[in-house]
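Asks: Take this structure, written in structure tokens, and hold onto it; I'll ask about it next.
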């Protein structure tokens, strides 16, 4: 008689334990999926930021590779960039007009007249300053990711020797 009552009390206990384990496993799976999605979003955002940064830096490098000190506004404007070469514009980079921050005349005594670049600047006859100056410029550019709306702005400083003061 005792064994029949014991079986009645144990009926369903296995089902309850199994259901609790199933709920715990489901919660663990959902938590893992959320963590994976978060990691994927972080990786995607990092890649996008790197692409936008590359596009902006590329346009700054292009601006520095030309004689921007002659007409600084000539390098300014919005430039379309195709990062992955698929024929579609990925980013529009806006290059700002370069700004001259300082100009320092080069003294004749600082020049090496044996160096052809320095000889171009040399002025004889006791004049203290040469016809060249060292200038410092700030070239800025920015781009916005069209999908996320994230904006990257970069300012690059550059020193340029010029034959005539332009600031």
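The values are calculated or read from the model by the stated rules, or taken from the named source; none is laboratory data. Computed from a prediction, not measured in an experiment: that's the story for all the values here. Cβ coordinates were reconstructed from backbone atoms using ideal geometry, including for glycine residues, and neighbour counts include every protein chain displayed.
Asks: Working carefully through the options 38, 53, 69, find the one that is in a loop (DSSP other than H, G, I, E, B) and at pLDDT below 95.
Replies: Among 38, 53, 69, only 69 is in a loop (DSSP other than H, G, I, E, B) and at pLDDT below 95.
Asks: Kindly indicate which of 83, 60 is part of a loop (DSSP other than H, G, I, E, B), farther than 24 Å from residue 164 by Cβ and touching a residue at least 12 places away in the same chain (Cβ under 8 Å).
Replies: Result of the check over 83, 60: 83.
Asks: I'd like to verify a number: residues in the range 76-103 that are exposed (fewer than 12 other Cβ atoms within 10 Å of the Cβ) and more than 30 Å from residue 149 (Cβ to Cβ), how many?
Replies: Residues flagged as exposed (fewer than 12 other Cβ atoms within 10 Å of the Cβ) and more than 30 Å from residue 149 (Cβ to Cβ) within the range 76-103 amount to 1.
Asks: How many of the residues making up the range 123-138 are surrounded by fewer than 13 Cβ atoms within 10 Å (Cβ to Cβ) and either at positive phi or in contact (Cβ under 8 Å) with a residue 60 or more places away in the chain (or both)?
Replies: So the count comes out to 2.
Asks: With the structure loaded, tell me whether residue 44 is more than 18 Å from residue 149 (Cβ to Cβ) and without any contact (Cβ under 8 Å) to a residue 12 or more places away in the chain or whether it fails that test.
Replies: Criteria not met by residue 44.
Asks: Quick check: anything in the range 86-108 in contact (Cβ under 8 Å) with a residue 12 or more places away in the chain, over 37 Å from the mean Cα position of the chain (by Cα) and closer than 27 Å to residue 159 by Cα?
Replies: Yes, because at least one residue in the range 86-108 is in contact (Cβ under 8 Å) with a residue 12 or more places away in the chain, over 37 Å from the mean Cα position of the chain (by Cα) and closer than 27 Å to residue 159 by Cα.
Asks: Hey, among 120, 114, which residue is under 20 Å from residue 163 (Cβ atoms), exposed (fewer than 11 other Cβ atoms within 10 Å of the Cβ) and out of contact with any helix residue (DSSP H, G or I) (no Cβ under 9 Å at 6 or more places or on another chain)? Break it down into steps so the answer makes sense when it comes.
Replies: On the way: 120 fails: exposed (fewer than 11 other Cβ atoms within 10 Å of the Cβ).
The match here is 114.
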